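See below for the structure under consideration.
The values are calculated or read from the model by the stated rules, or taken from the named source; none is laboratory data. This structure is a prediction, so every number in the text was calculated from the model and none was measured. Heads up, the Cβs are rebuilt from the backbone with ideal geometry, glycines too, and the neighbour counts pull from every protein chain shown. Only protein heavy atoms, including side chains, enter the accessible area calculation; ligands, DNA and RNA are left aside. Shrake-Rupley method; radii C 1.70, N 1.55, O 1.52, S 1.80 Å.
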Amino acid sequence: MRFVSTRGQAPELNFEQAVLAGLAQDGGLYVPKQLPSFSAQEIQSWVGLDYSELAFKVIAPFVDGEIPDSDLRTIIDKSYADFGHAAIAPLQQLGHNEWVLELFQGPTLAFKDFALQFLGHLFDYFLKKRNQRVVVMGATSGDTGSAAIEGCKRCDNIDIFILHPHQRVSEVQRRQMTTVIADNVFNIALEGNFDDCQNLVKQSFRDQSFLPDGRSLVAVNSINWARIMAQIVYYFYAALSLGAPSRAVSFSVPTGNFGDVFAGYLAKNMGLPIEQLIVATNQNDILHRCLSNNDHSKRDLHQSLSPSMDIMVSSNFERLLFDMHGRDGAAIRALMHDFQSGGFELNEDVLANIGNLFSSYSLDDQGTLATMVRVYQEAGYLLDPHTAIGVEAARKVRRNQTTPMVCLATAHPAKFPDSIAKAQAQGYALSEPQLPDRMRDLFTRDEAFSVIENELASVQSFVAQNIR
Ligand SMILES: *Cc1c(COP(=O)(O)O)cnc(C)c1O
């Protein structure tokens, strides 16, 4: 399969190249030149497949023979072997025709494991084949870093360096990163904030001359095509369980960078009958403002109780805009040019077209807590704050009560105990979330991390010295 850039000026790549490339040379994002699609009959024949078998069906057309089928099956099987639930992505019923899809059964208790376990194994496969070693460098405000470390820790050909803002991530999140003790894993606690971490990583990607000869950086952020692709699978898995393809299903998705919900859009275009996709945001609501008010302008970042959705710019939205503009790279370049100077407006027909499938809603911290409390009272089910936003958004803007609504549960509640403590402090009775058994000893495990000053040269010399 060939992959093209959303900005139309970078070379076409094959699957392997697109996975290893990250951002395109023209600043765009890679997307398949032609999306695979499946007939209703074919989708019907997948009813009853387990998660890994289904993942193979959905992913194989993108790989398009570049990895032999038996190897691809092995990669997929290994990716979901460390999940803590036999269903991998179990559904729980919350209310009438209302479900949550638990995407937090992986090693770090957030949905990013679905993509990053897979990406780690995929990197390992391609790098061994090429006999090449690379350096993964990434910045995290929490969830991505731990999922990337878990995904890469067993990859012989990767050294991974993850920067987090020193003393500004939650203890659960820090420990999920720093208790992974492996020769190729390096946690950098930067004396700065998340933006500082991200800037140092971006600068390092731009000029990689600090690396030893023959080494290069590889990105694991959510613009990597393989991450999006792996996320398409659970839309199929959930919908098939609820009666697709003979019955349509809707999804509500807690959204930051638009990666997860974009995977739902792809699932629909690949033939899955999805009636409505809800973009649920916290007060960092650039996507909600765009969809509801045609206001796609940058605003200051607010820290919220759902930190993994605290974004100013939603990078994967560009992939949707590319489709909505007839896959015209020049149109995307023009929009992104306007965005550089603050914001852009979409054509009314583009906006209307997006609105046919997508709805949006934004919820603040107090609304998030109220939803956690309400759902706990109604169903005895504890939501994490990100998931709560998706659930409330679905209740507010769903179009059709008779179509099953699946709310993606993106994190385990024990990962974000602060919100629960906050609700308890306001007098609400919520139970303490418990870490799963396999993680009960998280707070007594040994940690390893290096505190480094907020200087490019210091970070780069640390990386250069520690590469194996
Ligand atoms: C990353 C993340 C999100 C947002 O996902 P996007 O793909 O960036 O939209 C939502 N919830 C949790 C818990 C996350 O870690």
For this session: Mind scanning Lys78/Lys112; Lys112/Lys202; Lys268/Lys396; Lys202/Lys268; Lys57/Lys415; Lys129/Lys202 and naming the pairs with a C-alpha gap bigger than 25 Å?
Result: Lys202/Lys268; Lys57/Lys415; Lys129/Lys202
For this session: Just reorder Phe205, Phe161, Phe186 by solvent-accessible area, largest first, 1.4 Å probe, all chains present.
Result: Phe205, Phe186, Phe161
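Please compute the alpha carbon radius of gyration of the chain, then divide it by the globular-protein estimate 2.2 N^0.38 Å. Two decimals is fine. Kindly include the intermediate steps, with their values, before the conclusion.
Values: Rg = 21.0 Å, N = 468, 2.2 N^0.38 = 22.8 Å.
Normalised Rg, Cα atoms only: 0.92.
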Problem set entry | Size of electric dipole in the chain: Cβ of Lys, Arg +1 and of Asp, Glu -1, about Cα centre, debye, nearest 20 | 460
Exercise. For segment 259-389, what is the convex hull volume of its Cα atoms per residue in Å³?
Worked result: 113
For this session: When a/c is below 1.5 the answer is rounded, else prolate if a/b is larger than b/c, else oblate, so apply that to segment 339-405 with a ≥ b ≥ c taken from the square roots of the Cα gyration tensor eigenvalues.
Result: oblate
For this session: Report the accessible area of Glu191, computed with a 1.4 Å probe over the heavy atoms of all protein chains in place, in Å² rounded to the nearest 10.
Result: 100
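Before rounding to the nearest 500, sum -39500 (n - 2.57) across all DSSP H runs of length at least 4 in the chain and divide by the residue total; then give [θ] at 222 nm in deg cm²/dmol. Walk me through the intermediate numbers first.
Numbers: 18 runs with 200 residues, N = 468.
Calculated mean residue ellipticity at 222 nm is -13000 deg cm²/dmol.
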Exercise. By DSSP, what percent of the beta bridges with both residues in segment 72-175 are antiparallel, rounded to the nearest 5?
Worked result: 40
For this session: Over the chain, calculate the relative contact order: mean separation of alpha carbon pairs under 8 Å at least 6 apart, over the residue count, as a percent.
Result: 19
Exercise. Counting only residues 5 or more places away or on other chains, whose amide H sits under 5 Å from the amide H of Ala139 once H atoms are built in the peptide plane?
Worked result: Leu163
Seminar exercise, completed: Placing +1 on each Lys and Arg Cβ and -1 on each Asp and Glu Cβ in segment 377-468, then taking the dipole about the Cα centre, the residue among Ala464, Ala409, Phe449 whose Cα reaches farthest towards the positive end is Ala409
Exercise. If you place +1 on the Cβ of every Lys and Arg, -1 on the Cβ of every Asp and Glu, and leave all else neutral, what size is the dipole of segment 1-128 about its Cα centre, to the nearest 20 Debye?
Worked result: 280
For this session: Could you please state, rounded to a whole Å, how far the C-alpha centre of segment 327-349 is from the C-alpha centre of segment 444-466?
Result: 38
Seminar exercise, completed: From highest to lowest solvent-accessible area (probe 1.4 Å; ligands, DNA and RNA excluded), Asp71, Asp285, Asp446 read Asp446, Asp71, Asp285
Seminar exercise, completed: Long-range amide H partners of Phe38, meaning residues 5 or more apart or on another chain whose placed amide H is closer than 5 Å, are Gly271
Exercise. What full-extension length gain, to one decimal in nm, is calculated for Ser70 and Phe443 as 0.36 nm per residue of separation minus the Cα-Cα distance?
Worked result: 130.3 nm
Seminar exercise, completed: Long-range amide H partners of Ser252, meaning residues 5 or more apart or on another chain whose placed amide H is closer than 5 Å, are Ile278, Val406, Cys407, Leu408
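With r as the distance between the Cβ atoms of Gln132 and Met336 and R0 = 45 Å, compute the FRET efficiency 1/(1 + (r/R0)^6) and round to 0.05.
Using R0 = 45 Å, I get an efficiency of 0.90.
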Problem set entry | Positive dipole terminus of segment 338-431, leading residue within Leu346, Ala421, Tyr361 (C-beta point charges) | Ala421
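So what is the relative contact order for segment 1-143, in percent, with contacts set as C-alpha pairs under 8 Å and at least six apart?
16
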For this session: Could you give the size of the charge dipole of segment 355-468 about its Cα centre, using +1 on the Cβ of each K and R and -1 on the Cβ of each D and E, expressed in debye and rounded to the nearest 20?
Result: 580
Seminar exercise, completed: For Val279, the accessible surface traced by a 1.4 Å probe with all protein chains present amounts, in square angstrom to the nearest 10, to 0
For this session: Between beta-carbons, use under 15 Å as the cut-off and find the net charge around His337, counting Lys and Arg +1, Asp and Glu -1.
Result: -2
Problem set entry | Alpha carbon centroid spacing (whole Å) that separates segment 39-97 from segment 396-433 | 27
Problem set entry | His85 paired with Gln426, simple spin-label distance in nm, labels 7 Å along Cα-to-beta-carbon | 2.6
Problem set entry | Per-residue ³J(HN,Hα) for segment 83-96, Karplus 6.51 cos²θ - 1.76 cosθ + 1.60, θ = phi - 60°, Hz, x for Gly and Pro | 7, x, 9, 4, 7, 6, 10, x, 9, 10, 8, 9, x, 5
Problem set entry | Unit Cα scatterers, Debye sum, segment 9-134: log10 I(q)/I(0) for q = 0.10, 0.12, 0.14 Å⁻¹ | -0.40, -0.58, -0.78
